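Novice: Next up is a structure, given as structure tokens.
The values are calculated or read from the model by the stated rules, or taken from the named source; none is laboratory data. As the structure is a prediction and not an experimental result, all values here were calculated from the model. Note that we place each Cβ from the backbone using ideal geometry, even for glycine, and neighbour counts take in every protein chain shown.
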Amino acid sequence: MTVVSSREFVINQEKFFDIAEKENICITRGNNRFHLVYQPTQVQYPEQAVLKPDDNLRNAITAKELLERVNEDIHNKFVSRI
């Protein structure tokens with residue numbers, strides 16, 4: 001395990017990210033220690049990131065509808081009292 005200060009890590013990030021592929025990096029900042037651990041991830045394909053339509057989507061309103069409803073609520077609460 002390689003131990004480095006936060007300042008040294010900031011200055012040489014690329015170097016320490018390369019080292020992290022082979023071993024763990026411990027970054028110290030004052031009395032705190034943070035561990036940089038390399039963990040390869042699988043690529044998410046766009047079709048996995050797209051949400052499927054559901055009941056919440058069917059109940060959604062447009063920004064224009066929201067504005068109209070908010071204006072109506074404000075009018076009912078404040079303007080109609082005058």
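Novice: From the set of residues in segment 40-82 that are outside any loop (DSSP other than H, G, I, E, B), of a type in the set (S, T, N, Q) and at pLDDT below 90, which is farthest from residue 18 (Cα to Cα)?
Specialist: Result: 80.
Novice: Also, I was wondering about something else. May I ask you to list pairs of residues, at least six apart or on different chains, whose Cβ atoms are under 8 Å apart, with the first in segment 31-42 being touching a residue at least 40 places away in the same chain (Cβ under 8 Å) and the second being of a type outside the set (Asp, Glu)?
Specialist: Final answer for the pair search is none.
Novice: Another question, then. Looking at the structure I just gave you, is residue 36 touching a helix residue (DSSP H, G or I) at 6+ places or on another chain (Cβ under 6 Å) and modelled with pLDDT under 90?
Specialist: Judged against the criteria, residue 36 is a match.
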